[in-house]
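The structure appears right after this line, and notes come after that.
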Amino acid sequence: MLVEKYYLKRDRQIQVSRQQASDFAKNIADDFNPIHDIDAKRFCVPGDLLFAIMLAKYGLSSKMNFTFAGMVTDDVSLLVPDVNEEHISIISEAGKEYLYFDCSGDVSTDQALIDCFTRSYVEFSGHNFPHILVPLMAEHRVMINPDRPLVMYQGMSFELDRLDLVDPKLELVSSNLEIIKKRGNVTLEFCLKESGEVVGRGQKMMVLSGLRPYEQDKIEQLISAYVLRKQNHID
């Protein structure tokens, strides 16, 4: 199982340490957002890791819709229901909801397929910055705060035509940025292909906060810092 070493499980509870979250972000999702560093002041468990854990737990349904309701930190224990229902809510011991999702259609519990699907999605998701978000910001002449860059994962959904898949690959179809004052709503449309045939489609939604006028030199500094962080990890 791809994610089994990236979280702790105790009865019906799961918890993710800073080290586990950071390792998943960097080694699986290729995501070097500083918010996932073990020493980050505003540390957050990657939404993609929570998504991956849910797939491993409940299986891959032909139609799924995920919404992230809060930022999970390393001191939060999440209660995971044993029963697989059409609507599943993941809450903390204190009753706060952090994630909810809907499932419908056929379900596959083939762990090889789940791992392949998970890896394909999180690698795409982890590359949103700078590959997708920077061109979007440049097009609309806005940018995130370079001193406190914050991109929040809002949700994702997908629908598969069939589940007899072996090696599905995810490809970006389109990207859109809607600006509301200092907030930007990003929607990424993607498709899933098996041996070149489109077998599914979906979208990922994110929120950009603290938008300000676009400055090329500031963006280049952000990209350089991101690339350096990645290179230091590889070395």
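Just checking, does segment 174-194 include any residue being more than 20 Å from the chain's Cα centre (by Cα), crowded, with 16+ Cβ neighbours inside 10 Å and either aromatic (Phe, Trp, Tyr) or at pLDDT 95 or above (or both)?
yes
Can you tell me which residue within segment 115-171, out of those that are β-branched (Val, Ile, Thr) and crowded, with 21+ Cβ neighbours inside 10 Å, is farthest from the chain's Cα centre (by Cα)?
Here the residue is Ile144.
Among all residue pairs at least 6 apart or on different chains, which show Cβ distances below 6 Å where the first residue, located in segment 90-110, is touching a residue at least 12 places away in the same chain (Cβ under 8 Å) and the second is in a loop (DSSP other than H, G, I, E, B) and of a type in the set (Val, Ile, Thr)?
Ser92/Val76; Tyr98/Val72
Given (1) closer than 29 Å to Ser22 by Cα; (2) touching a Ser or Thr at 6+ places or on another chain (Cβ under 8 Å); (3) among the hydrophobic types (A, V, I, L, M, F, W, C), where does Leu163 come up short, assuming only one miss?
Of everything listed in (1) closer than 29 Å to Ser22 by Cα; (2) touching a Ser or Thr at 6+ places or on another chain (Cβ under 8 Å); (3) among the hydrophobic types (A, V, I, L, M, F, W, C), Leu163 misses just condition (1).
Outside any helix (DSSP H, G or I), among the acidic types (Asp, Glu) and farther than 20 Å from Ile35 by Cβ - does that describe any residue in segment 217-234?
Checking segment 217-234: not a single residue is outside any helix (DSSP H, G or I), among the acidic types (Asp, Glu) and farther than 20 Å from Ile35 by Cβ.
Name the residue, out of Leu150, Leu211, Leu170, Leu177, that is farther than 17 Å from Phe117 by Cα, of a type in the set (A, V, I, L, M) and touching a helix residue (DSSP H, G or I) at 6+ places or on another chain (Cβ under 6 Å).
Exactly one of Leu150, Leu211, Leu170, Leu177 is farther than 17 Å from Phe117 by Cα, of a type in the set (A, V, I, L, M) and touching a helix residue (DSSP H, G or I) at 6+ places or on another chain (Cβ under 6 Å), namely Leu177.
Can you report the number of residues in segment 69-114 which are within 16 Å of Phe158 (Cα to Cα) and surrounded by fewer than 16 Cβ atoms within 10 Å (Cβ to Cβ)?
7
Please specify each residue of segment 16-36 satisfying the condition of being aliphatic (A, V, I, L, M), assigned to a helix (DSSP H, G or I) and touching a strand residue (DSSP E or B) at 6+ places or on another chain (Cβ under 9 Å).
The answer is Ile35, and nothing else.
Which of the residues belonging to segment 53-68 are surrounded by fewer than 18 Cβ atoms within 10 Å (Cβ to Cβ) and small (Gly, Ala, Ser)?
Residue satisfying the conditions is Ser62 alone.
Here are the criteria: (1) part of a strand (DSSP E or B); (2) farther than 20 Å from Leu55 by Cβ; (3) polar (S, T, N, Q); (4) touching a residue at least 60 places away in the same chain (Cβ under 8 Å). Tell me which single one Gln154 does not satisfy.
Checking Gln154 against (1) part of a strand (DSSP E or B); (2) farther than 20 Å from Leu55 by Cβ; (3) polar (S, T, N, Q); (4) touching a residue at least 60 places away in the same chain (Cβ under 8 Å), the one that fails is (2).
The values are calculated or read from the model by the stated rules, or taken from the named source; none is laboratory data. Everything quoted here is computed from the prediction, not taken from an experiment. Heads up, the Cβs are rebuilt from the backbone with ideal geometry, glycines too, and the neighbour counts pull from every protein chain shown.
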